[in-house]
Structure formats: C-alpha cells, structure tokens
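For reference, the structure discussed in these notes is given below.
Rule-based calculations on the coordinates, nothing more; no lab input. The shown structure was predicted, so the numbers you read here are calculated from the model rather than taken from an experiment. Virtual Cβ from ideal backbone geometry, glycine too; neighbours counted across all protein chains shown.
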Amino acid sequence: MKVLVPVKRVIDSNVKARVKADQTGVDLANVKMSMNPFDEIAVEEAVRLKEGKEHHAAGTATEIVVVSIGVTQAQETIRTALAMGADRGILIQSDADLEPLAVAKLLKAVVDEEKPDLVLLGKQSIDGDNNAVGQMLAALLDWPQATFAGKLVIDGGKAVVTREVDGGLQTVAAELPAVVSVDLRLNTPRYASLPNIMKAKKKEIAVKAVADYGVDTADRLKVLKVTTPPTRSAGVKVADAAELVSKLKSAGVL
C-alpha cells in the first residue's frame, strides 16, 4: 500500500506571530519555520503503518511519499519527514501562498501520477487554519474521506477511522483509496535520530514547478486585512466568595 502524505512549512508553533505593519499578512522574516504539527502526526502514522507499530500490521504501508507545495526551503520540511521514516519526497515549488483549492488541485495531480492507496494529511495548517484541503481533495478525486482521525485501522481494504466529533467519538469505514485527515490525539510524533537524519540526506526529493501540472491556481479570495487579536483587559481581584457573587450579580451573570 502506497501512502501519500502532504506536509506544509509553517511558522514554528512556539513562535509568536507578528503582523506586518501594512496589515497584508504575517511577517515571516527571520522567523523559525517547522513542519505543520498536524502533518507531523500524519507522517508518524504513515511510518507506523509501515513499521507495524501500535495496532498496525507490519508492512501495511510499503511506500511513503511526502509532498510539499512551497518555497525552496520547504525541502528542509520534507527532509524532516524523510528522517522520520518516509521514503521519498516531492517539492512543488511556489513562492506564492496558494489557497486551499489550488493546493487541493495540485495534490490531485500528484495523486493521479503517484496512484497512492491512502492520502494521509493534517486536518489543518496552523497558519491559515482553513481545515479545507483534505475535504476539497477528496471531492476532486471523488474518494471517500474521513476527517479528524483520532484512531486509524487499515482492515480488509478499508480505513476504519475513529473521529473526534462534538460530544463524543464516531467510527466510520472508508473504502480505499481514501483521504484521511488526522487530529492531535492520533499519536505522538517521534524525534528523528541522528543516523536517520544522515540517511535522509541521501533520499530522493523530486523538485517540480506548479506549471508542470497544468493546474489553475488563480486566487479566488482576497485578504482585506490581517490584525492581531485585541489585548485582553486586566482582571479584577476579589476579597472573598461573597464579593465574587455580588460582582457576578451586578454584572448580570447570576
């Protein structure tokens, strides 16, 4: 079974994002970048499918292909995935920050070429937070989809996914080939060992251009303004529970 894992290079989750002075977007100059955390979970799950870790049978995945769409430096993100255990990578170079629909169209073109049995990706990227690419890709491919995966079992040509939904868990079965987007509780990604980091340097990364796929990536959305959230006002200290109740009553909460 071949698994395709799309990954995105984003601002490191530990870095506080700064908005550009002209409010056109987020300032990426001299900022630490990393693999999108949800995509890292997808890579880890793909590697477990190959290794037979957790509840997966060994060799469930036979090849893991990682694809990223972004600037040249996104090769570093792909190398991270290769060091975790992926087999080879594809970089579709783009200096533009493509919209989810354009990304989904490019991924469909990659799927048409690679013919994977499973596309495993993060439920959303922590920069755009759109949570749209997985669903759009499934629609374009006309494949079944299972989103917000907290558990994944490959059994009898099906992906059995336990999803995190409001108020509980839902288990669905999707016939392969399928698109599965992963949530935080699916696993804890590994740290790549030094020997695997060295091995990753020898693994193949094919560099392509957006134009190679003949896909319409024109923007459909226009960013009007990007602003920081309003600063939270200071709280009020109360002497005791009686004063707290009094203030809540006067505020109309109680």
Convex hull over the alpha-carbon atoms of region 66-179: what's its volume per residue in Å³? 117
Going toward the positive end of the dipole of region 108-208, with +1 on Lys and Arg Cβ and -1 on Asp and Glu Cβ, which of Asn187, Leu121, Met198 do you reach last? Met198
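Based on Cα coordinates alone, diagonalise the gyration tensor for region 124-254, multiply each eigenvalue by 5, take square roots, and list the semi-axes in whole Å, largest first.
Values: eigenvalues 363, 117, 91 Å².
Ellipsoid half-lengths, sorted descending, are 43, 24, 21 Å.
Using the 10 angstrom Cβ neighbour count as an exposure proxy, how do Thr231, Thr188, Thr24 rank, fewest first?
Numbers: Thr231 6, Thr188 9, Thr24 12.
In order of increasing Cβ crowding within 10 Å: Thr231, Thr188, Thr24.
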Would you kindly calculate the mean projected area, averaged across all directions, of the convex hull enclosing the Cα atoms of the chain, in square nanometres? 18.4
With a point put 7 Å past each Cα toward its Cβ, work out how far Val31 is from Lys2 in nm, to one decimal. 3.5
Using the Cα centre of the chain as origin and beta-carbon charges of +1 (Lys, Arg) and -1 (Asp, Glu), tell me which of Gln135, Ser68, Ala173 is placed farthest towards the positive end of the dipole. Ser68
Under the definition of Cα pairs under 8 Å and six or more residues apart, what whole-number percent is the relative contact order of region 2-250? 24
Cβ charges +1 (Lys, Arg) and -1 (Asp, Glu), total dipole of region 1-91, debye: 160
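Loop only by DSSP, 15 or fewer other Cβ within 10 Å of the Cβ. Give me the trypsin sites (Lys or Arg not before Pro) in region 21-63 that pass, ordered by residue number. Don't jump to the answer; show the numbers that get you there.
Numbers: sites: Lys32, Arg48, Lys50, Lys53; in loops: Lys32, Lys53.
Here the trypsin sites (Lys or Arg not before Pro) that fit, given the DSSP loop and packing criteria, are Lys32, Lys53.
When the Kirkwood hydrodynamic radius is evaluated over all pairs of different C-alpha atoms of region 115-178, what value in angstrom, to one decimal, is obtained? Don't jump to the answer; show the numbers that get you there.
Working: mean 1/r = 0.0809 Å⁻¹.
Result for region 115-178 stands at 12.4 Å.
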In what order do Asp240, Asp219, Asp183 fall by count of nearby beta-carbon atoms within 10 Å, going from fewest to most? Asp240, Asp219, Asp183
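With +1 on the Cβ of every Lys and Arg and -1 on the Cβ of every Asp and Glu, and nothing else charged, how large is the dipole of the chain about its Cα centre, in debye rounded to the nearest 20? Present the calculation step by step, with values, prior to reporting the outcome.
Numbers: 33 positive and 33 negative charges, 137 e Å.
The calculation lands at about 660 debye.
If you wrap a convex hull around the alpha carbons of region 180-254, what volume per residue comes out, as a whole number of Å³?
On the way: hull volume 27.5 nm³, N = 75.
So the per-residue hull volume is 366 Å³.
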